[in-house]
1. Answer with yes or no whether Asp106 is acidic (Asp, Glu) and free of Cβ contacts under 8 Å to residues at least 40 places away in the same chain.
2. Return the total of residues in the stretch 53-104 being closer than 16 Å to Phe39 by Cβ, touching a His at 6+ places or on another chain (Cβ under 9 Å) and among the aliphatic types (A, V, I, L, M).
3. When you look at Lys37, is it among the basic types (Lys, Arg) and either within 21 Å of Trp108 (Cβ to Cβ) or in contact with a helix residue (DSSP H, G or I) (Cβ under 9 Å, 6 or more places away or on another chain) (or both), yes or no?
4. In the stretch 31-43, what residues are surrounded by fewer than 21 Cβ atoms within 10 Å (Cβ to Cβ) and in contact (Cβ under 8 Å) with a residue 24 or more places away in the chain?
5. Tell me, which residue of the stretch 6-30 that is outside any loop (DSSP other than H, G, I, E, B) and over 28 Å from Lys48 (Cβ atoms) is most open to solvent (accessible area, probe 1.4 Å)?
6. In the stretch 41-53, what residues are farther than 19 Å from Gln11 by Cα and in a strand (DSSP E or B)?
7. Name the strands (runs of 3 or more DSSP E) wholly within the stretch 54-104 that hold at least 1 residues that are aliphatic (A, V, I, L, M) and within 13 Å of Ser13 (Cα to Cα)?
8. Looking only at the stretch 47-100, count how many residues are open to solvent by less than 10 Å² (accessible area, probe 1.4 Å) and charged (D, E, K, R).
Amino acid sequence: MSKHPTVKWAQRSDKVYITVELPDAEDVKLKLEPQGKFFFSATSGASKTPYEVDLDLFDNVDVNESKASVNSRCICYMVKKAESKWWNRLIKQEGKPPVFLKVDWDKWVDEDEDKGGGADMDFGDFDFNSLNMGDTDGIGDEEGGSDMEEEIMAESKVAEKIIEEGDGEKDEAASDVKKD
């Protein structure tokens, strides 16, 4: 029986970022169909534990313009939407999403910011430091954060940059990705 890895997602009006968090993944197989069918499978760990994700995405996608990147900590997939429009959710299924599916707040952009509405907001000379909000995400503070969290975020951002640049250079692991 296969396990489900943690899957994070974020969107823009024209694409969806799907990040499968599975360190040391081997035998990675990715399949994306125009109707929005997303399938991932791999093994991980010394015992070669099988992992699998099978999702029906909210709407149709452009398979030819979608790209994947595999690194030692995660598999990042930039899925190009068939139509540039904001999705209400990642999957067709209504109601509570599966427990392994989470929002990737590091990559998330709100709909109004994606259209440029929030990017030019003028806060004048407001001093946000005066709010004394502290470090709310726990990353970086000695008790709540860890070097591993920072390393995972850094690798995820590198993979996202590789996907967006589309410069044709892929690491050896990415060449093992099979698009069936």
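The values are calculated or read from the model by the stated rules, or taken from the named source; none is laboratory data. Quick caveat: nothing in here was measured; it's all calculated off a predicted structure. Please note: Cβ atoms are built from the backbone with ideal geometry, for glycine as well, and neighbour counts cover all protein chains shown. Quick note on the areas: whole protein, heavy atoms, side chains included, nothing else; ligands and nucleic acids left out. Shrake-Rupley method; radii C 1.70, N 1.55, O 1.52, S 1.80 Å.
1. no
2. The qualifying residues number 2.
3. no
4. Answer for the stretch 31-43, where residues must be surrounded by fewer than 21 Cβ atoms within 10 Å (Cβ to Cβ) and in contact (Cβ under 8 Å) with a residue 24 or more places away in the chain: Lys31, Glu33, Pro34, Gln35, Ser41.
5. So, considering only residues that are outside any loop (DSSP other than H, G, I, E, B) and over 28 Å from Lys48 (Cβ atoms), the one most open to solvent (accessible area, probe 1.4 Å) is Lys15.
6. Hits for the stretch 41-53 are Ser41, Ala42, Thr43, Ser44, Thr49, Pro50, Tyr51, Glu52.
7. Those strands (runs of 3 or more DSSP E) span 61-70, 74-81.
8. 1
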